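Have a look at the structure below, then the notes.
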Amino acid sequence: MDLDRAVNVDDLRKLAKKRMPKIAFDFIEGGCDDEDGLTRNERAFRDKAIVPRYMVDVSKRDQTATLFGRTYASPFGISPTGLAALFRPGADMMLAEAARDANLPFVMSGTGTGLIEDLGRVAPDHGWYQLYPARDRKISEDIIRRAHDAGLSTLVVTVDVPAGSKRERNMRNGFTRPLRLSLLTKLDALRYPGWLSDYLKHGMPMFQNWQRYAGPNADADAVATFVSSQTRASVTWKDIEDFRRLWPGNFVIKGIMHPDDALRAAELGVDGLVVSNHGGRQLDRAPAALDVLPAINAAVGDRMTLMLDSGIRRGSDVVIALCMGAKFVFLGRPTLYGAAAGGVPGVARALTIVREELDMTMAQMGAPTLADLGPHFMMWDRPEDLRRNSPGLVSAAE
Ligand code: FNR
């Protein structure tokens, strides 16, 4: 199957799987513990149903979305994903390029394998930066300054990694620090000559943004050791206050799941939240992000911009998240599948698939613009829920 024949995100996933050894694919795919969080994310979307409305003129549809004063082609962007160069060398910049070309935002990971400065050159209007705060405050301050100097509009602070999680696939594959590759893992890599030759040519991916802090001669391994010693420090509210003060642009927290945390963030002048359970990779028993969204929306929806990721695989998932209170959503794995399967064109394919599905869903349900979306489209469990969700419609019918 080539890229054009991939009709959905799952097809891209299969292409990505074919191109890389288990150790790398499992790193994208995996959750933690029993991977219940992954199942819950998927099920949260699958269990929701959209009730269509007909006799609506949907001959023209508009999915453009304005976020922090900038208009994007669609209400979705690309989530930060670390170590992307493991799947394809240069993947970070490929994601950035494809996002720029599609007029969508791309968030560079705090453990990305590209440079902030390159992101500023490649996608100055579409690149955001995600901070993993360092134990050494000066490093975080310097990274924030670099993101600002690179011209990036938005800083995202991820708060849901207070400690490493139990990623059992990685443990079994020996993808640990230090690496403990079994003979089987090595033999498996030999079955993927394209991936292996890239890996041998480029070596272990480097957390480039951190290299300067790890010492002048630090190689990829030394930088990785340095990064793991510096990150995984719990972020506190005091840190959020300080970073908010330092960052003049749009300030976003990623990983908030509780309405009280959302309220506290709003009080500190945070502009937006990405409601997220980190794609099921941190706390396996966390609820699906989609399931906590309505409570967070009720708490702060009128005060800050609510975004969401974790589990979006289809355009209809985007619609559901928007109906339930998100203004914008992000894709983590889907665009990584695209990057692994086919570089920039692969990411572009993932974005096109989701855009076209979103367009089709808007037509099928009778919502020609994003402003039409809301809870009134969501299947009601009881008749009174329909009344609550859509008072105008019910009274018109009475
Ligand atoms: C991630 N995620 C992540 N989040 C973050 O804030 N910083 C990071 O460096 C990473 N790294 C990372 C690597 C990989 C391989 C994956 C799959 C995910 C989480 C990511 O931003 C996002 O929250 C989830 O991927 C969203 O869920 P879906 O779309 O993958 O279901």
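Of all DSSP beta bridges confined to the chain, the antiparallel ones make up roughly 15%. Each of Y72, Y129, Y337 has some number of other Cβ atoms within 10 Å of its Cβ, and from fewest to most they run Y72, Y129, Y337. Candidate cross-link partners of K254 among the aspartates and glutamates, defined by an alpha-carbon separation under 12 Å and a same-chain spacing of 8 or more, comprise D160, D271, D309. Ignoring aspartates and glutamates fewer than eight residues from K14 along the same chain, the ones with Cα atoms less than 18 angstrom from its Cα are D2, D4, D26, E29, E42, D188.
Scalar couplings 3J(HN,Hα) for the range 232-244, obtained by applying the Karplus form with A = 6.51, B = -1.76, C = 1.60 to θ = phi - 60°, are 6, 8, 4, 8, 10, 4, 4, 4, 4, 4, 5, 5, 4 Hz; x denotes Gly and Pro. Hand me the GluC sites (Glu not before Pro) from the range 1-82 located in a DSSP loop with no more than 16 other Cβ atoms within 10 Å, in residue order please. Answer by residue number: there is no such site. When the Cα positions of G269, L183, L370 are compared along the charge dipole of the chain, L183 comes out farthest toward the positive end, with charges on each C-beta of Lys, Arg, Asp and Glu. Compared with the dominant principal axis of the Cα atoms in the chain, helix 36-46 is inclined by about 30°. When you filter the trypsin sites (Lys or Arg not before Pro) in the range 101-189 for DSSP loop state and at most 15 other Cβ atoms inside 10 Å of their Cβ, you are left with R135, K166, R180. Overall, the chain carries a charge dipole of about 880 debye about its Cα centre when +1 sits on the Cβ of Lys and Arg and -1 on the Cβ of Asp and Glu, all other atoms neutral. Less than 5 angstrom separates the built amide H of I256 from those of V274, S276, all sequence-distant by 5 or more or on a different chain. Only one residue of L12, F25, M379 has its Cα farthest out toward the positive end of the dipole of the chain, where Lys and Arg carry +1 and Asp and Glu -1 on Cβ, and that residue is F25.
With the charge dipole of the chain set up from +1 on Lys and Arg Cβ and -1 on Asp and Glu Cβ about the Cα centre, the Cα lying farthest toward the positive end among the listed residues G342, V58, G249 is that of G342. Note on R145 and L190: the model spin-label points, each 7 Å out from Cα along the C-beta direction, lie 5.1 nm apart.
Since every read-out is calculated from the coordinates, none of them should be taken as a lab result. Predicted model, so just to flag it, every value in this text is computed and none were measured. Cβ coordinates were reconstructed from backbone atoms using ideal geometry, including for glycine residues, and neighbour counts include every protein chain displayed.
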